[in-house]
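Laboratory data are not the source of any read-out in this text; all were calculated from the coordinates shown. This is a predicted model, so every value here is computed, not measured. Methodologically, a virtual Cβ is constructed for each residue, glycine included, from the backbone with ideal geometry; neighbour enumeration extends over all protein chains shown.
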């Protein structure tokens, strides 16, 4: 049995822990559309990325915005990929690997070490 | 004052029990209203049927509306609207797809006994849409809204801003 006071303290701790990392929720993803600019995408998600990573493949600049997508009790890194200044694709790392455009696959591989370093 | 009657007072019909019986019509009315509300709520629930994954596995490009209806059974269509994108006319039908459940917790608190956590499973839904090209009435695209927005097929992803705007307008009318 937990006293009312302890319950309030626990709830406050859970809330504070949740605030530690900015999180995206699945419902927010519906607001994204291909072709959005980085500013429009951040504004649609109502959140700035945790980090940004740039690379160039075949002369085309790619920028990746790193977010953390919460799935209830679990969550994972979620990325937005801009080709030039336009939103091209968004998803989990494994979804980027399956994307049918090989340039996107290569851009992903190029920025992955930076993303992993930024996470730690 | 209406106190809870002791077992003895009920059996013997003493003052405590009699006082409470005076308030019985009011209590009875409250009970009937609660039962009625519950009935209305349950009636509402029975008409709302979310989509399940195995049903969506039966969808395929080119299927017509009747085939889709058969595949999706009695799943509730939340909204149906037509829109134009890239010079083509479409009909969109929206559903809720149940993608899983999440465990939530609430607390029951008692002044003397403290608080007890109570866990329960809550279903998770995602917005799902089936898009028919008009006038052929054949399935053009299907999936979750965010899934279609990032589709590698530009014919599908470029249609999504118009679909979402039309859906928002249809919902605001409801």
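Side notes on the structure shown:
- Between residue B:84 and residue A:54, the modelled labels are 4.1 nm apart [label points 7 Å from Cα along Cα→Cβ].
- Per-residue mean of foreign Cβ neighbours for B:137-146 is 2 (Cβ atoms of other chains, 10 Å radius).
- Efficiency of FRET between residue A:101 and residue A:42 - r from beta-carbon atoms, R0 22 angstrom, step 0.05: 0.40
- Sorted ascending by nearby beta carbons within 10 Å, beginning with the fewest, B:159, A:36, B:144 become B:144, A:36, B:159.
- Extension gain, residue B:153-residue B:133: 0.36 nm per intervening residue step, less the Cα-Cα distance, totals 5.6 nm.
- Ranking of B:142, A:90 by count of other Cβ atoms within 10 Å, fewest first: B:142, A:90
- Mean sequence separation of contacting Cα pairs (under 8 Å, at least six apart), scaled by the length of segment A:51-120, corresponds to a relative contact order of 27 percent.
- Its residues counted as N, segment A:24-103 yields a C-alpha radius of gyration over 2.2 N^0.38 Å of 1.05.
- Model label points for residue B:121 and residue B:49, set 7 angstrom from Cα along the Cα-to-Cβ axis, are 2.0 nm apart.
- Cβ crowding within 10 Å ranks A:81, B:109, B:115 as B:109, B:115, A:81, fewest other Cβ atoms first.
- In terms of packing, defined here as the mean over residues of other Cβ atoms within 10 angstrom, the peptides B:77-89, A:107-119 line up highest first as A:107-119, B:77-89.
- Calculated FRET efficiency for the pair residue B:76/residue A:86, C-beta based, R₀ 25 Å, to 0.05: 0.10
- Take each residue of peptide B:147-157, count the partner chain Cβ atoms within 10 Å of its Cβ, and average: the result is 4.
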